[in-house]
Amino acid sequence: MITIPRLALEDALLMIAAAEAKARELNVAETICVCDEGGNAIALHRMDEARITGVEIAIAKAYTAAGHKRATHLFNQPGGPAVPGGEAFGIHAMHPGKFAIFIGGFPIEYAGRVIGGIGISGGNGEQDTAVGTAALAAFGRSIVAARPEGG
C-alpha cells in the first residue's frame, strides 16, 4: 500500500499563526496562503490592513512553490531558469495568474517530499522571506514534537 503524507488544516493554521506573529514583529501586514501538494488552498489569511492584491499573489506563490517544488525566487535569480535566455523563460505565462516567479513562495517539505507550499505577500522580499521562514520553522518544530519518544 502507498502512503502519501498530507498537510492537515491544523498544520496550515499553525504555520499561519507563526507567520502572522513574525509579520507583527516586523510591523508588516501580510497575506498568507498554505496549499496542499496539488496547489489547492488549505488556508488563507489576510491580516488587517494587508493589500487587497496580496490574496491572489499569496495563492500564486503557494501554488508555484508546491507545484514546481522550489522556492519562487529561484526562478528569477541571475542565471535562474525563468530569466531571459533561461530554459524556462516565459513559464509564468503557461499558468496566467497562478504562477509566481518572485520572492515569497516556499515549498513545505516532510520526509524528503514536497507536501505543499506557503505563499507570503505584503512586505518586501526580506520581510516575506522572514515570515515564510518562521512559518516553515514552526511546522518543522511541530513535526519533531509529534514524533514518539525515541523515534
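The values are calculated or read from the model by the stated rules, or taken from the named source; none is laboratory data. This structure is a prediction, so every number in the text was calculated from the model and none was measured. Cβ coordinates were reconstructed from backbone atoms using ideal geometry, including for glycine residues, and neighbour counts include every protein chain displayed.
Can you pull out the residues in the stretch 8-35 that are buried (at least 19 other Cβ atoms within 10 Å of the Cβ) and among the acidic types (Asp, Glu)? Those that are buried (at least 19 other Cβ atoms within 10 Å of the Cβ) and among the acidic types (Asp, Glu): Asp11, Glu30.
Checking each residue in the stretch 65-78 for being at pLDDT 95 or above and touching a Ser or Thr at 6+ places or on another chain (Cβ under 8 Å) picks out only Ala65.
Residue selection: Arg46 satisfies the criterion of being among the basic types (Lys, Arg), surrounded by 14 or more Cβ atoms within 10 Å (Cβ to Cβ) and over 20 Å from Ile143 (Cα atoms). Every test in (1) farther than 23 Å from Leu9 by Cα; (2) in contact with a helix residue (DSSP H, G or I) (Cβ under 7 Å, 6 or more places away or on another chain); (3) surrounded by 15 or more Cβ atoms within 10 Å (Cβ to Cβ) is passed by Gly97 save one, and that test is (3). Within the stretch 107-125, does at least one residue satisfy the condition of being surrounded by 13 or more Cβ atoms within 10 Å (Cβ to Cβ) and over 16 Å from the mean Cα position of the chain (by Cα)? Checked the stretch 107-125: no residue is surrounded by 13 or more Cβ atoms within 10 Å (Cβ to Cβ) and over 16 Å from the mean Cα position of the chain (by Cα).
Enumerate the strands (runs of 3 or more DSSP E) found wholly within the stretch 1-120, keeping only those where 1 or more residues are in contact (Cβ under 8 Å) with a residue 40 or more places away in the chain, hydroxyl-bearing (Ser, Thr, Tyr) and under 18 Å from Gly132 (Cβ atoms).
Result: 31-36, 105-110.
Which residues, counting only those in the stretch 45-60, are of a type in the set (Asp, Glu) and under 16 Å from Ala17 (Cβ atoms)? Listed by number, the list holds a single entry, Asp48.
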